Amino acid sequence: MMFKFVVRKLRWLARIPVLPQLFDAGLMVVTMLFDRPRLRAMEMFENAIGRKYTIQRRPHRFGGVGFFIGTTEIGHLHGNGLLDLFVGKSFRAEEVRRGRALPHHVFPDSGWISFWLKSPADLAQALELFEIASMYRTTGQLISRAH
């Protein structure tokens, strides 16, 4: 997959101004042309969080759209449906162990997780993870919940 190659082998390109946004725009074009279910899931996700939260959408420094509450980034969505969320290290470890999320695609040992939005069937899980990230980023803690 081109995304994985670029992120892992050409990471230094992210330091070139505007290049991450252009690369992500290319990912979005490919998604629009060849993966309509993924595009629909991405649209549904953005609409759902926009209805539930007072979210500011801004271009993300590494491409895609960032979701912010005030100045705090909750996460960001890349043009290929990869959702990155900050949930803290302990929750990340638990969710990765349970198979509900992946380690972040660039910083696997950080408090970030990655989740692929592939179709509308993934929406409920993405929204649950966003809720947890939002709670963590706005209160600084997570309340342990039984799943």
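Of the listed peptides 130-139, 17-26, 78-87, 50-59, what is their order by residue-averaged count of other C-beta atoms within 10 Å, with the highest listed first?
Answer by packing, highest mean first, reads 78-87, 130-139, 17-26, 50-59.
I'd like to compare 66-72, 108-114: which one has the highest average count of other Cβ atoms within 10 Å, and what's the full order after that?
108-114, 66-72
Over the heavy atoms of residue 46, what accessible area does a 1.4 Å probe trace out, to the nearest 10 Å²?
Near enough 40 Å² of accessible area.
Could you check the simple spin-label distance between residue 94 and residue 43, using points 7 Å along Cα→Cβ, in nm with one decimal?
3.6
Among [x] 20.3, 75; [y] 14.7, 43; [z] 18.7, 67, only one was calculated for this model; which label is it, if the read-out is Rg and Dmax of the Cα atoms in Å?
[y]
Calculated from DSSP H runs of 4 or more alone, at -39500 (n - 2.57) each and per residue, what is the 222 nm mean residue ellipticity of the chain, nearest 500?
Value at 222 nm, helices only: -15000 deg cm²/dmol.
Percent of accessible area on the chain owned by carbon and sulfur, 1.4 Å probe?
After summing per-atom areas, the C and S share lands at 60 percent.
Using a probe radius of 1.4 Å on heavy atoms only, what accessible surface per residue do you get for the chain? Whole Å² is fine.
57
The values are calculated or read from the model by the stated rules, or taken from the named source; none is laboratory data. Predicted model only: the values in this text are computed from it and were never measured. Note: ideal-geometry Cβ built from the backbone for every residue, glycine included; neighbour counts use all protein chains shown. Just the protein is used for accessible areas: all its heavy atoms, side chains included, with ligands, DNA and RNA removed. Shrake-Rupley method; radii C 1.70, N 1.55, O 1.52, S 1.80 Å.
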